[in-house]
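Only one structure is covered here, and it is reproduced in the block below.
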Amino acid sequence: MNSSTWRARRLDGSSAVAISAAAILLRVWIGLAVHSPGADLRSDMANYDRVAQHLSHGFQSVPDTFHPVGYPAFLAAIYRLTGRSFGAVAIVQSLLGGATCLLVWSLTKQMAGSDTGALAAETAVAFYPPLIYYGSMLLTESIAPFCLTLAVWLLLRTLRRPTGIGAAATGTALAVATLVRPNFLLFYPFVVLLAWWVDRRDVGKGMRAAGQILACSVPLLALVAANNSLLTGRLTGLSTNGGVNFFLMQADVQGLTFYDEWLRPVRNARYSTMVSSPVPFTDEPYFYKRGAREFLARRDKVGHTLTNVAEGFGLGLQGYWPANEPLSAEPSDAADRWGRRILSLCSQGFFWVLVLPTVLGAAWAGLRRPRLRRLEIQSVLTASIVIVLVVTSVVFLADPRVHVPFDPILIACLAMTFAKKSA
């Protein structure tokens, strides 16, 4: 390596660290001075805080299984150390946001071989409004982007250079990400696809690596499922909200009530009927059966499915909850109005600016043989993510929030698709 190349790489690394530092400072300022994560404790945010307090005191009950344990466990660890300091939560979440930027830079640089593309992707993630917004909220979207980006970064490194330690680290990272957002389980089959894609000349090697990674993810997932099963007294998975979410995506109702509890997804605001549930929301088998009956009885199955997909990709009525709720009054504060408009534009532009160009760019460039090999990884990653988002939107939650954890990887894939390789 000559001196000019060494200086260029050092400058590139310094630029990446500077962008990450700027991202952290911006998020810390917002989390401490503009909007504390504990400033709006309602709905999911209040529930995560409640479960986190239970965990921090060593207490759990059946209702605590309703939400995935990953994010409450993250909060509980901070609460135990700081006495439920939301300022500490803001700082830690800001640090993870900055780390996500660095991971995107590294991922893009390794896959595309472009210094400019890597820095562009990192900059986009650093100042991407939805990631900044959710970084100051008590919601899974605050840490899920980091968890998934880390898992994918480790996955691609391990598939290229398989080691036992790499497989263990990748499997654990995948498991942690899945405990934060259980729909990441839908990504697991694509681990095998990516392994095959990376090692097409030695399929056995790729399959062994994928098998080791998935096997290493099982113990932590099994431990949480076993704990939930003991609490509920029946075989249970990573959380007990899947059934009720499935039902609410298939039924034309505004929401559900069970005594003083209620559920009302933003997507369901178009309907007017509130239904009284005869069973607790944690009774997954009941709601899965009822949801299946609702879907099979529909005459507009195709239209209903497409509507849910559109909502999940930001092409429907919804924006980023809780800032952009449909039919809600315009905020009186000018800053809130501008913030809502920016987030609304990001939600509406997600498909057109991020997904569609990446898919079309990869497909077009794939026809050009000299660039085909360099574009393969991002093509498979993008297709995998789009399929996961479609399934999640149709089955469990038709909300633009579902794609936020995947956005850093999609931004990296977009940069990989159009970046020119550095000399």
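Residues of the range 104-128 that are hydrophobic (A, V, I, L, M, F, W, C), more than 13 Å from Leu414 (Cα to Cα) and in a helix (DSSP H, G or I): Ala126 alone.
Restricting the search to helices (runs of 4 or more DSSP H) fully inside the range 219-336 and requiring at least 3 residues that are in contact with a helix residue (DSSP H, G or I) (Cβ under 7 Å, 6 or more places away or on another chain) and among the aromatic types (Phe, Trp, Tyr) gives 284-297. Screening the range 359-394 for residues that are at pLDDT 85 or above and of a type in the set (Ser, Thr, Tyr) and picking the one that is nearest to Phe418 (Cα to Cα) gives Thr382.
For Ala21, are the conditions met, namely being in contact with a helix residue (DSSP H, G or I) (Cβ under 8 Å, 6 or more places away or on another chain), over 20 Å from Arg181 (Cα atoms), among the aliphatic types (A, V, I, L, M) and loosely packed, with under 15 Cβ neighbours inside 10 Å? It would help to see each step written out before you state the result.
Numbers: in contact with a helix residue (DSSP H, G or I) (Cβ under 8 Å, 6 or more places away or on another chain): yes; over 20 Å from Arg181 (Cα atoms): yes; among the aliphatic types (A, V, I, L, M): yes; loosely packed, with under 15 Cβ neighbours inside 10 Å: yes.
Taking the combined requirement at face value, the residue satisfies it.
Look at (1) without any contact (Cβ under 8 Å) to a residue 60 or more places away in the chain; (2) over 22 Å from Leu55 (Cα atoms) and you find that Leu193 fails only one, number (1).
Taking the listed residues Leu81, Leu55, the one that is surrounded by fewer than 13 Cβ atoms within 10 Å (Cβ to Cβ) and at pLDDT 90 or above is Leu81, with no other qualifying. Report yes if some residue within the range 161-180 is surrounded by fewer than 19 Cβ atoms within 10 Å (Cβ to Cβ) and of a type in the set (S, T, N, Q); otherwise report no. Yes. When the range 201-214 is filtered for residues that are under 22 Å from Ile387 (Cα atoms) and without any contact (Cβ under 8 Å) to a residue 40 or more places away in the chain, the ones remaining, listed by number, are Met207, Gly211. Candidates in the range 76-103 are the residues that are hydroxyl-bearing (Ser, Thr, Tyr) and in a helix (DSSP H, G or I); of these, the one that is nearest to Pro408 (Cα to Cα) is Thr100. Taken as a whole, the range 153-167 holds at least one residue that is in contact with a Ser or Thr (Cβ under 9 Å, 6 or more places away or on another chain) and closer than 27 Å to Ser347 by Cα.
Of everything in the range 347-356, what is touching a residue at least 60 places away in the same chain (Cβ under 8 Å) and over 14 Å from Pro408 (Cα atoms)? Give them in sequence order. If the condition is that a residue be touching a residue at least 60 places away in the same chain (Cβ under 8 Å) and over 14 Å from Pro408 (Cα atoms), then Ser347 is the only one that fits.
The values are calculated or read from the model by the stated rules, or taken from the named source; none is laboratory data. All figures in this text were calculated on a predicted structure; none of them were measured in a lab. Glycine gets a Cβ as well: all are built from the backbone with ideal geometry, and neighbour counts include every protein chain shown.
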